[in-house]
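A quick write-up on the structure given underneath.
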Amino acid sequence: MRACVITQFNRPWELQQLPEPRPAAGQVVVRIHASGLCGTDVHVHHGKFPVRVPLVAGHEPVGEVVELGAGVTTLQRGDRVGVCWTQKGCGRCRSCQEGRSTYCQEQQSWMNLGGGNAELMLAWAEGCTLLPDGLSYEEAAPIFCAGYTVFSGLRNADPRPGDRVAVLGIGGLGHLAVQYAAALGLEVIAVTSTDGKRVEARQLGASETLVVRQHVGEELMALGGVDVILSTTNSAAQVGQALIGLRPEGRLVNMGLVDGPIPVDPFALLMGQRRLIGSLQDERRDLVEALALVAAGKVKPRLELYPLDQANAARDRLETGKVRYRAVLQHAR
């Protein structure tokens, strides 16, 4: 099979022929139709992630089940699926016993089995989620990381009817966060430092766009403040500033891998009973609901599509901030 292999960090990925995988008990083989690129792929490329090379990356893979390992009963050949980052846990630790394998110290993921930047991918059956009918592979791919992450973040913010939500950072994650919040009937303010995204943010469903000039928190409060901030920025300074833009008992959900410690004003945190929440991909129902909203046409990922042999070009565009808004690799079929 063809696969895009990271042979050395900070070097171009190589298109190679690798042996076809064979599933062990509880595993499946998925013929990949599309795989999304994410900021994590850039970190992996630069050796900032705990993986060893050679490695096939790709943690937003979707495709068709073509082979079942022994004991697999929940999937069938021909099923259209995507593969989650966390596929299974050890089954015995407290987190696994509570049904929260995301926190398992021995969890199995693409880092163990290989990712989706290949024609075929090995996966644990319990890590696969069925795609809704009518949803294209290309649109489904980014939901398995970006969409899943922001929908979990939105749910962890515990939004209430009438809440005002700000999305900080209108990029690969943020453009989906705006749409998901709007789809749930919430008033959404898109917060960006780029004038060129003002019109696009309105098209995504934002009722207002704030182009930050100096201090994001003060500028949000000048607009009346917000109850929830969904932060996708990688700037720790911006996250710290944004906290001041929350109304009393407001919640800031941080979903970005920020560039340093977050500076928090203890007075603002304490006196307003504001909360700073970290959030990643949470319950599987978040993913299922996120996929359903895309399938229903209420959320539409904005994509740049590339063939697998242009993975390096796509990754370079992603790293330099030129992708608007998600890059997806299409696999020949």
Scanning segment 261-320 for residues that are over 27 Å from GLN238 (Cβ atoms) and of a type in the set (Lys, Arg), the one surrounded by the most Cβ atoms within 10 Å (Cβ to Cβ) turns out to be ARG284
**Message:** Scan segment 224-234 and tell me whether some residue there is within 21 Å of LEU293 (Cβ to Cβ) and in a loop (DSSP other than H, G, I, E, B).
**Reply:** yes
Considering only strands (runs of 3 or more DSSP E) wholly within segment 86-176, the ones with at least 1 residues that are closer than 30 Å to ASP195 by Cα and within 19 Å of the chain's Cα centre (by Cα) are 164-168
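Condition check: within 25 Å of GLN330 (Cβ to Cβ) and surrounded by 22 or more Cβ atoms within 10 Å (Cβ to Cβ). Does GLY171 satisfy that?
Working: within 25 Å of GLN330 (Cβ to Cβ): yes; surrounded by 22 or more Cβ atoms within 10 Å (Cβ to Cβ): yes.
Yes, satisfied.
With respect to TRP110, is the statement that it is surrounded by 23 or more Cβ atoms within 10 Å (Cβ to Cβ), in contact (Cβ under 8 Å) with a residue 24 or more places away in the chain and closer than 25 Å to ASN254 by Cα true?
Details: surrounded by 23 or more Cβ atoms within 10 Å (Cβ to Cβ): yes; in contact (Cβ under 8 Å) with a residue 24 or more places away in the chain: yes; closer than 25 Å to ASN254 by Cα: yes.
Against the criterion (surrounded by 23 or more Cβ atoms within 10 Å (Cβ to Cβ), in contact (Cβ under 8 Å) with a residue 24 or more places away in the chain and closer than 25 Å to ASN254 by Cα), TRP110 qualifies.
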Of the candidates VAL62, VAL51, VAL42, VAL66, the one satisfying the condition of being assigned to a strand (DSSP E or B) and under 21 Å from the mean Cα position of the chain (by Cα) is VAL62
Inside segment 198-223, the number of residues satisfying the requirement of being part of a helix (DSSP H, G or I) and closer than 17 Å to ALA242 by Cβ is 8
Worksheet item: Can you find even one residue in segment 202-217 that is in contact (Cβ under 8 Å) with a residue 12 or more places away in the chain and in contact with a His (Cβ under 7 Å, 6 or more places away or on another chain)?
Response: yes
For strands (runs of 3 or more DSSP E) lying entirely in segment 239-333, having 1 or more residues that are under 18 Å from VAL178 (Cβ atoms) picks out 246-254, 303-307, 326-330
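Every residue, every condition in (1) under 24 Å from ALA311 (Cβ atoms); (2) loosely packed, with under 15 Cβ neighbours inside 10 Å; (3) not small (Gly, Ala, Ser), yes or no:
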| site | (1), (2), (3) |
| --- | --- |
| ARG2 | yes, no, yes |
| LEU18 | yes, no, yes |
| ALA70 | no, yes, no |
| GLY82 | yes, no, no |
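Read the figures in this text as sums done on the coordinates, not as results from a lab. All values reported here derive from a predicted model rather than from experimental measurement. Cβ atoms come from the backbone with ideal geometry, glycine included; neighbour counts cover every protein chain shown.
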